[in-house]
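Read through the structure below, which is laid out as structure tokens, and then see the notes.
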Amino acid sequence: MYNRCMKKMLMVSAVLAVVAGVAMVIGGGWGIYFTYQNIIQEKIVTSEDASIPNSPVRGPFTLKAQADVIRKHTLNSTNGQVYAEMPRQVPKTDELGNRVVDAEGNPVMIPNEARNIWVTATTLTTALNLGILTYAFSALILFFGLVSIWTGITFGVLSSRHY
């Protein structure tokens, strides 16, 4: 009685593990394909000074290279300051670089345009980094699917043994 019950449990577990594994392999493969297709439609090419220069952005390594070089360029254009380190407003200057003052002699303050560079850079690098995470997550799901299929096959073999 115990052996029949155990065989049945192993066979049901085998089928469930294989079905779940196949679903995960399909889902992981689709995630990789979906990410790839969405990246190539943007037609991004890494810059000359990227760690992987002048390459079409397609996979996690070129995504990382492009995200890193965007950050590098942004830091260069903001004198090494990140968004949170910059004031919201800066004194307005004339074409000679002199501060503009109001009638009372106070500097006229304007929005700090350098902070806007960070808003754009953060948006771009976040999208690139999400692509990396999507590739990693999809690959992990695909791997777990293969493990699940292997587990199901193992359970199937065990359920067919005679004890």
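The values are calculated or read from the model by the stated rules, or taken from the named source; none is laboratory data. Fair warning: this is a prediction, and the values are worked out from it, not measured in the lab. Every residue, glycine among them, receives a Cβ derived from its backbone with ideal geometry; neighbour counts consider all protein chains shown.
Before moving on, here are some points about what is shown:
- Considering 66, 89, the condition of being more than 28 Å from residue 18 (Cβ to Cβ), touching a strand residue (DSSP E or B) at 6+ places or on another chain (Cβ under 6 Å) and either among the polar types (S, T, N, Q) or at pLDDT 95 or above (or both) is satisfied by 89 alone.
- Residue among 153, 132, 117, 149 that is assigned to a helix (DSSP H, G or I), at pLDDT below 95 and surrounded by 14 or more Cβ atoms within 10 Å (Cβ to Cβ): 117
- Only a single criterion out of (1) surrounded by 14 or more Cβ atoms within 10 Å (Cβ to Cβ); (2) free of Cβ contacts under 8 Å to residues at least 40 places away in the same chain; (3) hydroxyl-bearing (Ser, Thr, Tyr) is not satisfied by residue 13, namely (2).
- Members of segment 85-104 that are in contact with a helix residue (DSSP H, G or I) (Cβ under 9 Å, 6 or more places away or on another chain) and either in a helix (DSSP H, G or I) or not aliphatic (A, V, I, L, M) (or both): 87, 88
- Selected residue [farther than 19 Å from residue 32 by Cβ, without any contact (Cβ under 8 Å) to a residue 60 or more places away in the chain, in contact with a strand residue (DSSP E or B) (Cβ under 7 Å, 6 or more places away or on another chain) and in a loop (DSSP other than H, G, I, E, B)] from 79, 54: 54
- Residues being among the β-branched types (Val, Ile, Thr) and in contact with an Asp or Glu (Cβ under 8 Å, 6 or more places away or on another chain) - total across segment 32-81: 2
- Residue list for segment 105-137, filter: aliphatic (A, V, I, L, M) and either in contact with a helix residue (DSSP H, G or I) (Cβ under 8 Å, 6 or more places away or on another chain) or in contact (Cβ under 8 Å) with a residue 60 or more places away in the chain (or both): 114, 117, 119, 121, 124, 128, 132, 136
- Scanning segment 31-41 for residues that are without any contact (Cβ under 8 Å) to a residue 12 or more places away in the chain and within 14 Å of residue 145 (Cα to Cα) yields nothing.
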